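Quick notes on the structure that follows.
Values quoted throughout were computed directly from the atomic coordinates according to the rules given, and no laboratory measurement underlies them. For clarity, every value in this text was computed on a predicted model and none was experimentally measured. Positions of Cβ are backbone-derived with ideal geometry, glycine not excepted, and every protein chain shown enters the neighbour counts.
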Amino acid sequence: MLRGAGLGAVGLAAAVLGGAPSAGAASPGAAEHPHVRLIRRYYEAYGTGDPDALRPFFAPDVRWTIPGHHPLAGTKEGVEEVLAFFRELGRAGFRAETLCVAADGDWVIDLHRGWSTTPEGLDILWTLAFRIEDQRIAEAVNFAGDQHAADAFFWRVYPLAPLPDRLAGAE
């Protein structure tokens, strides 16, 4: 179950994100914004569980920011760092189900349910802000609906190595 969210929050967020027709959300019979289609295809590729399937969606100098205070937090720079992050997420069987996607200009905002399967224990709402450049993801900033739960989960799944091995350059 979505902790701390409820359907009211999802409906409210969808209404806010969908907003006016200029926001780029598809209404019945309307064509989707091309950036929304890109992000929907990105999530289809993500759903395959193969991080390399995501490679074509990223600009060469992509920046992907994961907030929080946990081992996977921080800004990943370049395709290889971003793909390494997704390989780590794969170890936790992380899944995503989009709930709402909207675009305005170069930005796409998505609201999705994200959960883990290995181990179970994280099931919250997330929002991603994507900046699109030349039909590729140039930047993404991730926002957790419950950052404390995300931090606790990622510390449990990705513990640090014991000293001295955890330090870069340690001999």
Condition first: touching a residue at least 24 places away in the same chain (Cβ under 8 Å), of a type in the set (S, T, N, Q) and part of a strand (DSSP E or B). Can you find one or more residues in the range 140-158 that meet it? yes
Considering the range 134-156, residues that are in contact with a Lys or Arg (Cβ under 7 Å, 6 or more places away or on another chain) and closer than 23 Å to Leu54 by Cα, and then whichever is surrounded by the most Cβ atoms within 10 Å (Cβ to Cβ), we arrive at Glu139
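Quick one: in the range 110-128, which of the residues that are in a strand (DSSP E or B) and either among the hydrophobic types (A, V, I, L, M, F, W, C) or touching a His at 6+ places or on another chain (Cβ under 6 Å) (or both) is surrounded by the most Cβ atoms within 10 Å (Cβ to Cβ)? Spell out the reasoning first.
Our first condition is that a residue be in a strand (DSSP E or B); within the range 110-128, this holds for 110-115, 123-128.
Now narrow it down to the ones that are either among the hydrophobic types (A, V, I, L, M, F, W, C) or touching a His at 6+ places or on another chain (Cβ under 6 Å) (or both): 111, 115, 124-126, 128.
On the way: Leu111: 21, Trp115: 18, Ile124: 19, Leu125: 21, Trp126: 18, Leu128: 23.
Only one residue tops the list, namely Leu128.
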> Is there a residue in the range 122-130 that is in contact with a Cys (Cβ under 9 Å, 6 or more places away or on another chain), closer than 23 Å to Gly49 by Cβ and among the hydrophobic types (A, V, I, L, M, F, W, C)?
Replying inline: no
Report task. Could you tell me whether any residue of the range 147-162 is farther than 20 Å from Tyr43 by Cα and among the β-branched types (Val, Ile, Thr)? Result -> yes
